[in-house]
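Read the structure below first, then the notes.
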Amino acid sequence: MIHYLKHENIDKTKWDLCIAQSPQGILYAQSWYLDIVSPGWDALITEHYEAVFPLTWKSKFGIKYLYQPDFTQQLGLFVSGSLLSSPELLAIFLKAIPEELIFAEINLNAFWQAPVGFKDIAFTEKLTHHLDLVSPYEILFKNYSTNLKRNLTKGNSEDFEIIHDADISQIIHLFVKNKAAAVGGFNETQSWILQRLIEKGKELGVIQCWGISFAEGVMEAGAVFAEGNGNVIFLFSGASKRSRELGSMPLLIDRFISRNSGRNLILDFEGSMDKNLARFYKSFGSKESVYLHLRYNRLPFWLRWAKS
């Protein structure tokens, strides 16, 4: 039986145990992470927390809806090893979403395929890119693209320093100054959420902020790596206008791969549907991984046009 639990009734110890034991388990779904990106989240849960589905909701004009929180690429259904995962189980959970949540745009995790029988739910495939770090660095490097190897050779000829505890405010500044406008902006709430994630993640030992500076000592690029459940997520990054010329980001990612090679760990580049970014991630030897975007609109007909 599936229960709809309000936030205050969720047993987070049992929740986190399910995520830890789930083949679909991912950092985004851990309770501390959800508490920051979607305060007050509710959930669908089986009797003994063998399967859980976070309901990240908001309310606008008295209408409750499901949304995908910032810094949270995938969520959806998570099932511990004691319960059989199947499209039918996903369908049961989707049918259990409370009727009051009359609009939804969320992402499922990459484990699931679209169930059949939902005429009012649209499922769209989206892409992320995964790189298995279990091999020695020398083998991983062989799978880099020719162009990436060339750029790394050029970058390695420069005098640079990798900063293993970079200041997140500097990384945010680089992003806001050089990238934010092109991707729709970056507001104060998003900045606050990211900084809270970094603060808590560092406290738990699962988040690292890396940067790279050159001879002048100025940080030209920075990245946030978040590790959990056998994955390390390329969560956020920022780079200067000079970064492309210096090859800052390729150098930074390469050094991270080198440091973590040989570990039973998947580097999730967290995207992208952008062809240029996808090409960049693939240049490290990463492989495409498909996850589903879910959308439904059960608003009254007189409001539906506004969300179509």
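Please give the helices (runs of 4 or more DSSP H) falling wholly within region 220-308 in which 3 or more residues are under 30 Å from GLU100 (Cα atoms).
Correct list: 301-304.
With respect to LYS119, determine if the residue is within 29 Å of PRO69 (Cα to Cα) and either among the small types (Gly, Ala, Ser) or touching a His at 6+ places or on another chain (Cβ under 7 Å) (or both).
It is false that LYS119 is within 29 Å of PRO69 (Cα to Cα) and either among the small types (Gly, Ala, Ser) or touching a His at 6+ places or on another chain (Cβ under 7 Å) (or both).
Given the conditions (1) more than 25 Å from GLY201 (Cβ to Cβ); (2) out of contact with any strand residue (DSSP E or B) (no Cβ under 6 Å at 6 or more places or on another chain), report the number of the one that THR72 does not fulfil.
That leaves (1) as the condition not met.
Tell me the residue from LYS95, LYS119, LYS64, LYS60 that is in contact with a Lys or Arg (Cβ under 8 Å, 6 or more places away or on another chain), farther than 30 Å from GLY285 by Cα and among the basic types (Lys, Arg), please.
LYS64
Please name all residue pairs, on different chains or six or more residues apart, with Cβ atoms under 6 Å, provided the first residue is in region 31-45 and is under 20 Å from THR189 (Cα atoms) and the second residue is open to solvent by less than 20 Å² (accessible area, probe 1.4 Å) and outside any helix (DSSP H, G or I).
Listed pairs, sorted by first residue: LEU34/TRP41; LEU34/PRO54; VAL37/PRO69; VAL37/THR72; SER38/THR56; SER38/PRO69; TRP41/PRO54; TRP41/THR56.
Before we move on, is GLY271 surrounded by fewer than 16 Cβ atoms within 10 Å (Cβ to Cβ), modelled with pLDDT under 95 and within 13 Å of the chain's Cα centre (by Cα)?
yes
Return the residues of region 146-163 that are charged (D, E, K, R) and within 14 Å of ILE212 (Cα to Cα); say none if nothing qualifies.
Within region 146-163, GLU158, ASP159, GLU161 qualify.
Spot the failing condition for LEU108; the list is (1) free of Cβ contacts under 8 Å to residues at least 24 places away in the same chain; (2) under 26 Å from VAL224 (Cα atoms); (3) not polar (S, T, N, Q), and only one is missed.
(1)
I'd like the residue in region 185-219 that is in a loop (DSSP other than H, G, I, E, B) and either within 23 Å of GLU158 (Cβ to Cβ) or hydroxyl-bearing (Ser, Thr, Tyr) (or both) and, out of all such residues, is most open to solvent (accessible area, probe 1.4 Å).
Filtering first and then ranking leaves GLU216.
Just one of LYS142, LYS154, LYS119 is open to solvent by 70 Å² or more (accessible area, probe 1.4 Å) and more than 24 Å from LEU246 (Cα to Cα); which is it?
LYS119
Specify the residue that is nearest to SER85 (Cα to Cα); the eligible residues are those in region 38-60 that are touching a Phe, Trp or Tyr at 6+ places or on another chain (Cβ under 7 Å) and open to solvent by 10 Å² or more (accessible area, probe 1.4 Å).
TYR49
Return the residues of region 291-308 that are open to solvent by 60 Å² or more (accessible area, probe 1.4 Å) and modelled with pLDDT of 95 or more; say none if nothing qualifies.
ARG295
The values are calculated or read from the model by the stated rules, or taken from the named source; none is laboratory data. Remember, predicted model here, so these are calculated numbers, not experimental data. Note that each Cβ is placed from the backbone with ideal geometry, even for glycine, and that neighbours are counted across all protein chains shown. In case anyone asks, the SASA skips ligands and DNA or RNA and just uses the protein heavy atoms, side chains included. Shrake-Rupley method; radii C 1.70, N 1.55, O 1.52, S 1.80 Å.
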